[in-house]
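A quick write-up on the structure given underneath.
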């Protein structure tokens, strides 16, 4: 069963057909980056319509069982996720309300510090702040997965320790394999794994360096991650952004917080959207990757855990019934 | 000319009459604590009505000249202020819009970290964050005074250095005189003064200890502050909360960020609203304090600078024409 732990594109019927062609049982989408509560309601409403209009291909998942049911019916389950927590509008009680509306994964910060904690792009990371402690425990209580991908390393470690349920890094790589502010140090990854969490390895070009050049080379990166934290704690979170363009890129990187060009995981020398990866230009790359893991020394069980089994177990643990 | 650098009460005609009885030329009010943009617009609208209904006593000030004009007409000028920056809803461009609506003083954080920086009550203070640098420069550009009263010490020092105009601590005391998380260390106060800023000494009981017991004793605290940073950099910011009750206290302390009782500058042993100060129960204490400064060794010019002149100079520098 294939699960993509994080995507952030613009979706239409063609992209949903790619999900089916890749035999994806589930993906986590990005409902919000900087969107506030009202804007996130708009986005959730748009997603309800989009899923209804393509009900022969996709369905919305609130539980791990929903994903299994979708898979049995040859559909792809869409798990509602957010890459920021601005949707809370500072209200602790909105965690429960957004959970009721289907939100199952929430990244504590996107690229900037907020009331919850620090981001990987801030000069100084505060760690998990007063509101952050409240929000993590509320997410634990209602069954929403804590995502630490763009979060700062101190806040990440604090959240791993403070959370009463396993947490996720849905889309990042070990910085000991490829150094980048968006990638994660070994101590954080080990702490995450020790508490039952999952790291989703990302095929996003800007945080991969040369490892991304071929699928067989990338299997080496997977192997390094597995050696570091164990095969039960590694998954895939492509960070695929199918059909997103300059408008979406500027929204992600600059939101409404700056007028000055900001390059996120890119740079002034590499300002545009990252070039698609040959072997993972869309989710039809999933079977390609699964085959590559097989010929690069992973057993069928190991490949299955990495390609989706670990996410499903984590979702079952965190989302509840 | 008397100016109160920060108040946070509930206002009605009786409180405005107290402002006149104290011969206040101006006060800075608290339009917002945790209120977001829409809620702050509601509050600004309410203030417009309230001022219109009491136009014989008060007027709204956008400039230092407005304050001088109000004083000449025996009215008290109300300067619109905020104790939080949640009113920005994360939008850099809202700084200009709220300035257009009259907002002239904005505290970067209230009691919790936000996207701008750290608070005095957080375990770790990040310093001025990415959005914080943008916001301070935007406040500089439009003419809005940066207030660091509830802000963390590292963020405070960063903001003093990053700001291109003098900044304020509208309502706090030196922590070398009375240690409390809400009070400020000497290095921060010195940096503030070196760059032309003003510290508003607060008569809020919880951050004063025994110094508050008599007006003559409190003049000693004023003297200590003047010795530390110079008579041109000390003003008064009472933090008076006339007519606010449990609803307002809970809003200030807990907002919507926690369900758990939180005591702000109080404590579990001292959970309620602080007992009013005998000699500064309302702004009729201003002439009492001015007299006391006179009999405690301050010259008339010094007392005048402390009681309002320093604020007026700072407003003239920062608010512009």
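Of all residues in segment A:101-122, those that are within 14 Å of another protein chain (Cβ to nearest Cβ) and buried (at least 24 other Cβ atoms within 10 Å of the Cβ) have Cβ atoms under 7 Å from Cβ atoms of residues that are at pLDDT below 95 and in a loop (DSSP other than H, G, I, E, B), 6 or more apart or on another chain, in A:111/A:264.
So that you can scan it fast, the table gives a plain yes or no per residue for (1) part of a strand (DSSP E or B); (2) in contact with a strand residue (DSSP E or B) (Cβ under 8 Å, 6 or more places away or on another chain); (3) closer than 30 Å to residue A:88 by Cβ; (4) touching a residue at least 24 places away in the same chain (Cβ under 8 Å):
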position	(1), (2), (3), (4)
B:199	yes, yes, no, yes
B:217	no, no, no, no
B:243	no, no, no, yes
B:247	no, no, yes, no
B:257	no, no, yes, yes
B:265	no, no, yes, yes
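Here segment B:272-288 is the region considered, the condition is being in a helix (DSSP H, G or I) and touching a helix residue (DSSP H, G or I) at 6+ places or on another chain (Cβ under 6 Å), and the residue that is farthest from residue B:65 (Cα to Cα) is B:279. Here residue A:225 does not qualify as more than 24 Å from residue A:120 (Cβ to Cβ) and modelled with pLDDT of 95 or more.
Of the residues contained in segment A:149-160, none is found to be in contact (Cβ under 8 Å) with a residue 12 or more places away in the chain, farther than 21 Å from residue A:182 by Cα and surrounded by fewer than 20 Cβ atoms within 10 Å (Cβ to Cβ). Hey, any hits in segment B:165-187 for a residue that's within 14 Å of another protein chain (Cβ to nearest Cβ), in a loop (DSSP other than H, G, I, E, B) and over 28 Å from residue B:94 (Cβ atoms)? Among the residues of segment B:165-187, at least one is within 14 Å of another protein chain (Cβ to nearest Cβ), in a loop (DSSP other than H, G, I, E, B) and over 28 Å from residue B:94 (Cβ atoms), which makes the answer yes. Condition (residue is surrounded by 12 or more Cβ atoms within 10 Å (Cβ to Cβ) and closer than 20 Å to residue A:130 by Cβ) applied to segment B:271-288: is it met by at least one residue? Yes, because at least one residue in segment B:271-288 is surrounded by 12 or more Cβ atoms within 10 Å (Cβ to Cβ) and closer than 20 Å to residue A:130 by Cβ. Per the listing B:291, B:232, B:227, the residue uniquely without any contact (Cβ under 8 Å) to a residue 24 or more places away in the chain, assigned to a helix (DSSP H, G or I) and under 24 Å from residue B:184 (Cβ atoms) is B:227.
Quick grid of which residues meet (1) at the interface with another protein chain (Cβ under 7 Å from one of its Cβ atoms); (2) touching a helix residue (DSSP H, G or I) at 6+ places or on another chain (Cβ under 8 Å); (3) modelled with pLDDT under 95; (4) not in a strand (DSSP E or B):
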site	(1), (2), (3), (4)
A:91	yes, yes, no, yes
A:96	no, yes, no, yes
A:99	no, yes, no, yes
A:128	no, yes, no, yes
A:131	yes, no, no, yes
A:134	yes, no, no, yes
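Restricted to segment A:34-89, and to residues there that are within 14 Å of chain B (Cβ to nearest Cβ) and assigned to a helix (DSSP H, G or I), the residue that is surrounded by the fewest Cβ atoms within 10 Å (Cβ to Cβ) is A:38.
The values are calculated or read from the model by the stated rules, or taken from the named source; none is laboratory data. For clarity, every value in this text was computed on a predicted model and none was experimentally measured. Here Cβ is always computed from backbone atoms with ideal geometry, including for glycine, and neighbour counts include all displayed protein chains.
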